[in-house]
Each structure stands twice: as structure tokens, then as C-alpha cells.
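The structure under discussion appears below in the form of C-alpha cells.
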Amino acid sequence: MSELQSWDLGPHLQVAVGAGGVAEVIFGPSGGMPFADAAGHAHLGSIWQRLQATPGVRSILVRSAGKGFCAGGTPEVVRSMLDREDARLRVMQEGRAIVQGMMDCDLPIVSAINGAAVGAGCAVALLADVSVAGYKAKIIDGHTKLGVAAGDHAAVVWPLLCGMAKAKYHLLLCNAISGQEAERIGLVSLAVPDDELESTARSIAQELARGSPTALAFTKRTLNHWLRAAWPAFEHSLALEVLGFAGRDAREGFAALNEKRPAAFGAHD
């Protein structure tokens, strides 16, 4: 890989494959708040196996070119899920593919978490094999605040990372967790000053790229059986999340988010 290869996957997602064996998955746009639009969400389900099949790629660094890591699905994606069953089923399939794709990818994945990591962004950040957060990162699983179950990744990984008590506390309340707090409770691998985030994460990805591919792949594959053991809980949570998007609470949660007011859940009871 003597020359840089760039994959343009839309305005919100880029891939750069260059010398040294490190492929970079980059959320965008540059300078703005990255979101996962419909195309980007779909690509996040297939990109990991595509990178594994790319000659010369030895590790993956996921980072952002924007002012946050990734704020999750765009309002258009959420609206489509509220309104259409086919959209809900499509996003459910893609959500499963993201989690399974990152688990099954033999390449080590490193995330560099700057600013807000919400929804699909939170899933990618925390499913990485090594997660590095800036001190000022804000890790949020916002599902229950939206009025749906925390289903896209949380049930499979949060209890293993930070324990059941902390997982329930943060997932039920949708707390914003700083990088430092995330490291303290074990939700991320490492927290560093924000101005050292990208260089630290890239250095880790480069070191992994120089390691034994088989030793790293086999170790990751073995450790991820802990996640596979929790797969039934993940499937159940994902199904309940998608079911929730057809309900009144999700409509109220989405309206409250857009109108910047507290949601009035249960007002219809």
C-alpha cells in the first residue's frame, strides 16, 4: 500500500487506507457534528469485513474529523423509523450487522473518541477493541430518553465493560459520561488529554499493525466469545428497541428532542 487509497462513502463517512497497515474510518463532515445518515449507517454494517479483505490492512483506527465523534442517526433516519415499518426493519438489520461486523472482524479496531458519541457513534466507539477517549468526551446512550430500549449495542457490551450496576445506572438515566469517568468505571480502555487523543490512538493502531496478525486475531476471536455468550440478550434488546419506534413514547421523545423540552412520557395513559 504505497499510495493512499480513499473511499468516499458519503458526506458523513470516509475511509483512508495508506502505508503502515492502518486503515482509518473517519466520521465527518470536517468541522461539523458528524451524524450517521442512512447511507453511512448501512456502510457501518459492511465496512469491517471489506477492510479485513483489503490487502495490507493490519489494523483499523476509527476517528472523527468533526467537533464530536458521532451523534448517532440523523433526524431523517429517526423520522423514517417512526413512520415506516420497512425503515425500522432495515435499521434493525444494519444495527445487527454493525455489532456482528466489529465482533467478527479479525483486525484490531481502535477508536479515538472526541466530544459526543451517541447512538451508532457510541456503539462503534465502545465496540472497538481498544477505546481511547479524550477527557472531554461525552459518551451517551440516549435511547431511553428518546423513548425506546437501549438496543443497538448496550446489552451485549456495557455489563461486561463496567458491570451491571453502572450499566443500569447510566443506560436508564442516559447520563453523559466524560472520558475520565468512562475510564474510571471501565467503559473505555484509556482516557487522555484531548490534545493527545488522536496521536495516542494512532500510535496504538500503528503498534497493533506491527504485531502478529494471527496472534492478535486469535486473541480477539477468543475474547469475543464473552460477547457472543450475551448475543441472545442483544437480539432481544434490538427487537424491543425497534418495536419501541412504532410506539407513542418514541414520537413524544423525538418531538421533545426537536423542541428542546422535557419529554412528557406517560401523558397518554
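Among the residues of region 6-22, which ones are without any contact (Cβ under 8 Å) to a residue 40 or more places away in the chain and part of a strand (DSSP E or B)?
Correct list: Ser6, Trp7, Asp8, Leu13, Val15, Ala16.
Is it true that some residue in region 124-131 is within 12 Å of the chain's Cα centre (by Cα), at positive phi and crowded, with 24+ Cβ neighbours inside 10 Å?
Within region 124-131, not a single residue is within 12 Å of the chain's Cα centre (by Cα), at positive phi and crowded, with 24+ Cβ neighbours inside 10 Å.
If you take the residues of region 40-58 that are in contact with a strand residue (DSSP E or B) (Cβ under 8 Å, 6 or more places away or on another chain) and over 25 Å from Ser203 (Cα atoms), which of them is surrounded by the fewest Cβ atoms within 10 Å (Cβ to Cβ)? Explain how you work it out, then say what you get.
Restricting attention to region 40-58, the residues satisfying the condition of being in contact with a strand residue (DSSP E or B) (Cβ under 8 Å, 6 or more places away or on another chain) are 40-41, 43-44, 47-48, 51, 54, 56-58.
Next, only the ones that are over 25 Å from Ser203 (Cα atoms) stay: 40-41, 43.
Working: Gly40: 24, His41: 24, His43: 21.
Step by step, filter region 40-58, then rank; the result is His43.
Search region 32-57 for residues that are over 23 Å from Gly115 (Cβ atoms) and pair each with any residue that is modelled with pLDDT under 95 and surrounded by 18 or more Cβ atoms within 10 Å (Cβ to Cβ) when their beta-carbon atoms are under 7 Å apart and the residues are at least 6 apart or on different chains.
Thr54/Val17; Val57/Val17
Restricting attention to helices (runs of 4 or more DSSP H) lying wholly within region 209-266, give those where 2 or more residues are in contact with a Cys (Cβ under 6 Å, 6 or more places away or on another chain).
Fully inside region 209-266 and qualifying: nothing.
I need the full set of residues from region 107-164 which are more than 14 Å from Ala176 (Cα to Cα), assigned to a strand (DSSP E or B) and of a type in the set (Val, Ile, Thr), in order please.
Within region 107-164, Ile109, Val110, Val130, Val132 qualify.
Scan region 178-199 and give yes if some residue there is in a loop (DSSP other than H, G, I, E, B) and under 25 Å from Val17 (Cβ atoms), otherwise no. Break it down stepwise before answering.
Applying the first criterion (in a loop (DSSP other than H, G, I, E, B)) to region 178-199 yields 186-189, 193.
With under 25 Å from Val17 (Cβ atoms) added as a condition, the list becomes 189.
Yes; the residues of region 178-199 include at least one that is in a loop (DSSP other than H, G, I, E, B) and under 25 Å from Val17 (Cβ atoms).
Here's a check for you: in region 153-186, which residue that is β-branched (Val, Ile, Thr) and touching a Phe, Trp or Tyr at 6+ places or on another chain (Cβ under 9 Å) is nearest to Ala125 (Cα to Cα)? Steps first, please.
Our first condition is that a residue be β-branched (Val, Ile, Thr); within region 153-186, this holds for 156-157, 177, 185.
Then keep just the ones that are touching a Phe, Trp or Tyr at 6+ places or on another chain (Cβ under 9 Å); that gives 156-157.
Values: Val156: 14, Val157: 11 Å.
Selected residue: Val157.
Considering only region 240-260, state which residues are within 23 Å of the chain's Cα centre (by Cα) and either of a type in the set (D, E, K, R) or more than 21 Å from Arg90 (Cβ to Cβ) (or both).
Glu241, Leu257, Asn258
The values are calculated or read from the model by the stated rules, or taken from the named source; none is laboratory data. Fair warning: this is a prediction, and the values are worked out from it, not measured in the lab. Positions of Cβ are backbone-derived with ideal geometry, glycine not excepted, and every protein chain shown enters the neighbour counts.
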